[in-house]
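All of the numbers you see were taken from the coordinates with simple rules; none came from a lab. Model, not experiment: these values are computed from the prediction. Reconstructed Cβ throughout: ideal geometry from the backbone, glycine too, with neighbour counts over all protein chains shown.
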Amino acid sequence: MIQAHSIDKSYRLPGQVIPVLKHVSLEVKQGEFVAIMGPSGTGKSTLLNLLGCLDSADSGSYVLDNETISEMDDRALAKVRNRKLGFVFQSTSFVDYLDLPDNVAMPGFYCGMSRATSRQRAKVLLRQVGLGHRLTHLPGQLSGGESQRVAIARALFNRPRLLLADEPTGNLDSSNSAEIVNLLKQLNTDGLTIVLITHDAEVAKAADRIYLMQDGVLGDMGND
Ligand SMILES: Nc1ncnc2c1ncn2[C@@H]1O[C@H](COP(=O)(O)OP(=O)(O)O)[C@@H](O)[C@H]1O
Ligand SMILES: [Mg+2]
């Protein structure tokens, strides 16, 4: 699913170049669940943004689902994002005055699906993430764990091939965190490929494989 080879990335600020990723290589097979751990400020989110086609590398090659991402322009990248990728972050903003099905259905509105059809699909997804009893709720009425479930449901809307999650349990207590991890594991068992960034060794245990990021260098910690 992912073949990234020798990726370099620096941020350029006026009069300053900040090297972040140094010859990063990683492979993720279809159906795998991979975690990336490491101290903060070491480049994990930068890497996830590159894998998610939200930003481009300075050099190196990146093939995602048999498409050569490293040669694409911004328009093509946006297309790949919409067709193939789902994102979950540490916290997610929702539209406060829309109910959960409308919030989850956002990606459908953007690609011209009718409101009825997209709400229908959103409800199926909300049931799948365990929120079938919250279909008439507004985002402000949810716990942290429930909000992350909604974020996951929305990320699944376009049937992504790959789910990219950047510290999705970072704001949750340990029991809510465990529930989100169980949900991700379930989705993985059902066939979804997942790359997860986390500080939390307990969360990383759910993965088939763990990479460690240190000072912009990625190492493979092998199987746990
Ligand atoms: N847009 C940006 N412009 C300049 N520097 C950035 C930008 N984003 C991140 N950085 C810097 O790059 C380094 C890695 O950041 P990040 O990838 O967010 O690390 P992590 O997710 O591991 O905490 C940090 O030193 C951070 O300050
Ligand atoms: Mg980060």
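Structural descriptor for the stretch 71-138: relative contact order 32 percent, calculated from alpha carbon pairs under 8 angstrom and at least 6 residues apart. Computed from the C-beta positions of Asn66 and Asp190 and an R0 of 22 Å, the FRET efficiency is 0.50 to the nearest 0.05. According to the Cα-based calculation, Rg over Rh for the stretch 1-122 is 1.03, with Rh computed by the Kirkwood formula.
Of all lysines in the structure, those lying under 20 Å Cα to Cα from Lys22, and not within fewer than 8 positions of it along the same chain, are Lys9, Lys44.
Using the Cβ atoms and a cut-off under 10 Å, what net charge is assigned to the surroundings of Thr46, where Lys and Arg are +1 and Asp and Glu are -1? Local charge sum for Thr46: +1. Shape summary of the chain, radius of gyration then Dmax from alpha carbon positions: 17.5, 54 Å. From the residues Gly216, Pro39, Thr92, which one has its Cα farthest along the dipole of the chain in the positive direction, the dipole being from +1 and -1 charges on Cβ of Lys/Arg and Asp/Glu about the Cα centre? Of the options given, the answer is Thr92. Charged neighbours of Leu164, selected by a Cβ distance under 12 Å, balance to +2 (K, R count +1; D, E count -1).
Residues of the stretch 138-154 with backbone nitrogen within less than 15 Å of a virtual label 7 Å along the Cα-to-Cβ line of Ser175, please, listed as ranges. Taking a point 7 Å out along Cα→Cβ of Ser175, the residues of the stretch 138-154 whose backbone N falls under 15 Å are 143-146.
Other residues lying with their Cβ under 13 Å from the Cβ of Met113 contribute a combined charge of +3, Lys and Arg counting +1, Asp and Glu -1. Between Leu54 and Arg159, the contour length at 0.36 nm per residue exceeds the alpha carbon distance by 36.0 nm.
Between Asp220 and Lys79, the FRET efficiency from the beta-carbon distance, with R0 = 25 Å, is close to 0.25.
Normalise the Debye intensity by I(0) for the stretch 125-204, one equal point scatterer per Cα, no solvent, then take log10 at q = 0.12, 0.21, 0.25 Å⁻¹ and round to two decimals. These q points yield log10 I(q)/I(0) values of -0.32, -0.99, -1.36. For the stretch 3-88, applying the loop criterion from DSSP together with a ceiling of 15 other beta carbons within 10 Å to the trypsin sites (Lys or Arg not before Pro) yields Lys29.
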